[in-house]
Amino acid sequence: MEILTKTELRLRHKEIVKKIDSGAVFIHPTDTIYGIGCNASNKKSVEKIRQLKEKLEGPFSIWVPSLEWVKENCEINGEVNKWLKELPGPYTLILKIKNKDAIADNVNLNKDTIGIRYPDHWFSKVVEEIGCPIVTTSANKSNNPFMTSIENLNQEIKKGVEFMVYEGEKKGRPSKIIDLTKKTEVRLR
């Protein structure tokens, strides 16, 4: 696994964007904790993340390239619009997806909903440049503590990713989940 700083990512920006677009599995920083991700339209890469995390069931969230992407691919109503105004931010919004072809079917396991993230973080520019969402799920084995620094990265996950964008220890907690598919529900993790 190659470790890149923000500066190194900038210097190799086109190369890294191409790797992500082509299906690389990687670890990335967010506004909360570290995530493991890939191009959300690449079924093979999504499956690799499922195997690394040992999470064969349950949906993954996606980091969207823009709010326009959300409006084009998800069902929008007044409550959703209210929450979209809170973005970017440390939230995962659970929305009904109207364009299931926008992501690989193993991201949300053929459900009618998807968790979307649009973090207030510089890495959003990278996702925007890719032009499609990336899977974003905590960089840990399922039901184990989430990664906050390179020191607590699971060794099997480390061996299974191509690169990591590292910016030091994270002091955050996972994002707040806001389920907008029914009466608004906030779940703290």
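None of the figures in this text is laboratory data; all of them are computed from the coordinates on show. As the structure is a computational prediction, the values presented were derived from the model and not from experiment. No Cβ is skipped: glycine too gets one built from the backbone with ideal geometry, and neighbour counts run over all protein chains shown.
With r defined as the distance between the Cβ atoms of residue 109 and residue 14 and R0 fixed at 25 Å, what FRET efficiency is calculated, to the nearest 0.05? Could the numbers behind the result be given before it?
Details: r = 33 Å, r/R0 = 1.32.
It comes to 0.15.
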For region 148-160, Karplus-derived ³J(HN,Hα) couplings (6.51, -1.76, 1.60; θ = phi - 60°; whole Hz; x for glycine and proline) come out as 10, 7, 4, 5, 10, 7, 4, 5, 5, 5, 4, 5, x
Amide H neighbours of residue 4 at under 5 Å, excluding residues fewer than 5 places away on the same chain, with H built from the backbone geometry, are 164, 165, 166
Residue 104 neighbourhood, Cβ < 9 Å, K/R = +1, D/E = -1, net charge 0
The chain: relative contact order from alpha carbon pairs under 8 Å, six or more residues apart, as a whole percent, is 35
If one compares the long axis through the Cα atoms of helix 13-22 with the longest principal axis of the Cα atoms of the chain, the angle in degrees, nearest 10, works out at 60
Calculated from DSSP helices alone, with each H run of at least 4 adding -39500 (n - 2.57) and the total divided by the residues of the chain, [θ]222 nm to the nearest 500 comes to -7500 deg cm²/dmol
Residue-ordered couplings for region 65-71, obtained by feeding phi - 60° into the Karplus form 6.51 cos²θ - 1.76 cosθ + 1.60 and rounding to whole Hz (Gly and Pro as x), are x, 6, 6, 4, 4, 4, 5
Given backbone amide H placed at 1.01 Å from N, residues whose amide H is under 5 Å from that of residue 136, ignoring those fewer than 5 places away on the same chain, are 61, 62, 63
Longest principal axis of the chain (C-alpha) makes with the long axis of helix 43-53 (C-alpha) an angle, in degrees to the nearest 10, of 70
Within the set 12, 117, 50, GNM on the chain using Cα springs under 10 Å gives the largest fluctuation to 12
